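Okay, structure first, notes after.
The values are calculated or read from the model by the stated rules, or taken from the named source; none is laboratory data. All of these numbers come straight from a predicted model, not from anything done at the bench. Please note: Cβ atoms are built from the backbone with ideal geometry, for glycine as well, and neighbour counts cover all protein chains shown. In case anyone asks, the SASA skips ligands and DNA or RNA and just uses the protein heavy atoms, side chains included. Shrake-Rupley method; radii C 1.70, N 1.55, O 1.52, S 1.80 Å.
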Amino acid sequence: MSERSDLAIIARLVPPGSRVLDLGCGDGALLALLRDQRSCSGYGVELDDTKVLACIKRGVNVLQRNLDEGLSLFDDASFDVVLQLDTLQNLRNTEAMLRETARVGRIGVVSFPNFAHWPNRLSVLRGRMPVTKVLPYQWYDTPNIRVGTFADFEVLAHKVGLRIDEAFGLHEGKVVRRWPNLLASTAVFRFERS
Amino acid sequence: MRHCIAVACAPNLSAQNIAFNEVARRAIITDPDFHGGDYYAHGVVPKRGLRVARMLGHITYLSDDVMDEKFGRGMRNGERVYSTQEVEFQIEGYLRHQGDKFSEYFDANTYLLITRALDYFDPAREHGGDLTRAFAAAIARFLVVSFTTDWRFSPLRSREIVKALVDNGLDVSYAEIEAPHGHDAFLLDDARYHGVLRAYFERIAHEVGASAGPAVPVHITAPTQAGALRST
């Protein structure tokens, strides 16, 4: 999710002037973009030392926390938008995290690698776990402990009581609206509590 | 104030922290040379009390791991001498040395007052114990830093500060530095810690258009035992 065009596409999902919480904010590029181009404010949460430092260098508010420990720092409904980009697949308790996201924010935006993207299916069909640009790790050495598909998320969102108001795929910097579960390497959803 | 950097802090002292302070104070006050605080009039200094106070302090500034790594069970002379009064273990020599040094330069009454002031420090108190309300009037931007092995002013306490700032929507960044040295880490040269501080100061310099040396009022707070008692 560091590609410039991806960031711009995601940024368009965030209403101008929003109070934003970016979970797993990386080097803070998106928060800086939202601040500079959409007058947004807020915080990023990041665990990695190098990325925390990068955020501070950018002048982006960053809080060093392990997301697996929850969002107890944040009150109910204290943000307009909670972003979770390319993060969900690294967390142990995906479902609890989604509930927490819905608790602290009015709107949630998530993105994650779509395991059902056709090259991945092909790879598994050939009997091997996929190693691609979006899923660049070997199965035995990957931070992606929760791989899911575009279609899987729709099911989970329903279970958690989220109303999806925007869903599309991303592939090589372009929006994929046709058969995203097959044709997109990354899945993107925007949702609200239903 | 436009910026506040809070390193290895707490919003107030815990009962355990007050307890440590009280032991240190009792050591000083019960020293026969204390003379109710008028020791200079008697031409003496309650050095024994100051030494013990400092030894206790030093234990709390270090983590168990780092103390073990530095001293372990090492003996000063290699062999046991079966004395209860001599220095046998290296850690004892270290603590005595720190105590001796401290008792030479630190004024006992100042020690009592500083530790009491730390006990009293509690900005939430006049807001019914609500730290969020205590910060409501703040306008500064904050950098909060804690160290993972600091058990005297633990990351948990720093997170309370962060939460109160976030509740108020204030600008805050928080770094939880993985350092082995306990509370002492804030005095030491740790690349991650210094990296974060440098980056924050560079942002301030950038903000005020300075190329070298921030010309903006910056307040670094470390209202901690070591911070207050470690002017030299």
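Please give the length that would be gained between B:Thr148 and B:Asn109 if that part of the chain were fully extended, namely 0.36 nm times their separation in residues minus their C-alpha to C-alpha distance (nm, one decimal). Intermediate results must be reported in sequence, preceding the final value.
Working: separation 39, 0.36 × 39 = 14.04 nm, distance 3.25 nm.
Length gained between B:Thr148 and B:Asn109: 10.8 nm.
Per the Kirkwood formula applied to alpha carbons, chain A shows a radius of gyration over Rh ratio, Rg over Rh, of 0.95.
Counting DSSP beta bridges with both partners in the protein assembly as shown, what percentage is antiparallel, nearest 5?
Numbers: 19 of 54 bridges.
DSSP beta bridges in the protein assembly as shown are roughly 35 percent antiparallel.
Pop the C-beta distance of B:Arg125 and A:Ser72 into the FRET formula with R0 = 22 Å and round what comes out to the nearest 0.05.
On the way: r = 23 Å, r/R0 = 1.06.
Step by step, r from the Cβ atoms, then E = 0.40.
Among the listed pairs A:Lys133/A:Lys174; A:Lys57/A:Lys174; A:Lys57/A:Lys133, which have their C-alpha atoms separated by more than 21 angstrom in this model?
Numbers: A:Lys133/A:Lys174 15 Å; A:Lys57/A:Lys174 29 Å; A:Lys57/A:Lys133 28 Å.
As for pairs spanning more than 21 Å Cα to Cα, those are A:Lys57/A:Lys174; A:Lys57/A:Lys133.
With a Cα-only, solvent-free Debye model of chain B, what are the log10 I(q)/I(0) values at q = 0.07, 0.08, 0.12 Å⁻¹? Those come out to -0.28, -0.37, -0.78, one per q.
Can you tell me the relative contact order of the stretch B:1-90? Whole percent, Cα pairs under 8 Å, sequence separation 6 or more. Please report the intermediate quantities before stating the final value.
Numbers: 60 pairs, mean separation 18.0, N = 90.
RCO, the stretch B:1-90: 20 percent.
Label positions at A:Glu154 and B:Val81, each projected 7 Å from the Cα along the C-beta direction, are separated by 8.1 nm. Over the Cα atoms of the protein assembly as shown, each weighted equally, I'd like the Debye log10 I(q)/I(0) at q = 0.10, 0.11, 0.14 Å⁻¹, rounded to two decimals. Here log10 of I(q) over I(0) equals -0.80, -0.91, -1.23.
Over chain B, dividing the summed -39,500 (n - 2.57) contributions of all DSSP H runs of at least 4 residues by the number of residues returns a 222 nm mean residue ellipticity of -14000 deg cm²/dmol.
What is the sum of charges around B:Met67, taking Lys and Arg as +1, Asp and Glu as -1, for the other residues whose C-beta is under 14 Å from the C-beta of B:Met67?
On the way: positive: B:Lys70, B:Arg73, B:Arg152; negative: B:Asp64, B:Asp65, B:Asp68, B:Glu69, B:Glu92, B:Asp150, B:Asp184.
Cβ neighbours under 14 Å give a net charge of -4.
Over all directions, what mean area does the Cα convex hull of the stretch B:9-109 project, stated in square nanometres? List each step's numbers first, then the result.
Working: hull surface 32.9 nm².
Computed as one quarter of the Cα hull surface, the answer is 8.2 nm².
To the nearest ten degrees, helix A:94-104 and the longest principal axis of the Cα atoms of chain A are 30 degrees apart. Solvent-accessible surface of the protein assembly as shown, taken per residue with a 1.4 Å probe and all protein chains present: 50 Å². Projected over every direction and averaged, the convex hull enclosing the alpha-carbon atoms of the stretch B:74-212 yields 13.1 nm².
Give, as a single signed number, the net charge of other residues whose beta carbon lies under 11 Å from the beta carbon of B:Glu207, with Lys and Arg counted +1 and Asp and Glu -1. Before the final figure, lay out the partial values.
On the way: positive: B:Arg2, B:Arg141, B:Arg203; negative: B:Glu202.
Taking every Cβ under 11 Å from that of B:Glu207, the sum is +2.
Give the residues of the stretch A:162-183 whose amide nitrogen is closer than 20 Å to a point set 7 Å from the Cα of A:Arg106 in the direction of its Cβ. Label zone hits: A:162-167.
Working note: 222 nm ellipticity from helices only, DSSP H runs with n ≥ 4, each -39,500 (n - 2.57), summed and divided by the residues of chain A, gives -9000 deg cm²/dmol to the nearest 500. Length available on full extension from B:Asn168 to B:Arg116: 0.36 nm per residue minus the Cα-Cα distance, which gives 15.8 nm. Share of carbon and sulfur in the accessible area of the protein assembly as shown stands at 52%, probe radius 1.4 Å. Between B and A, buried accessible area from a 1.4 angstrom probe totals roughly 1700 Å², ignoring ligands, DNA and RNA.
I need to check one value: relative contact order of chain B, counting alpha carbon pairs closer than 8 Å and at least 6 residues apart, in percent. Show your work: numbers first, answer last.
Numbers: 354 pairs, mean separation 73.7, N = 232.
Reported as a whole number, the value is 32 percent.
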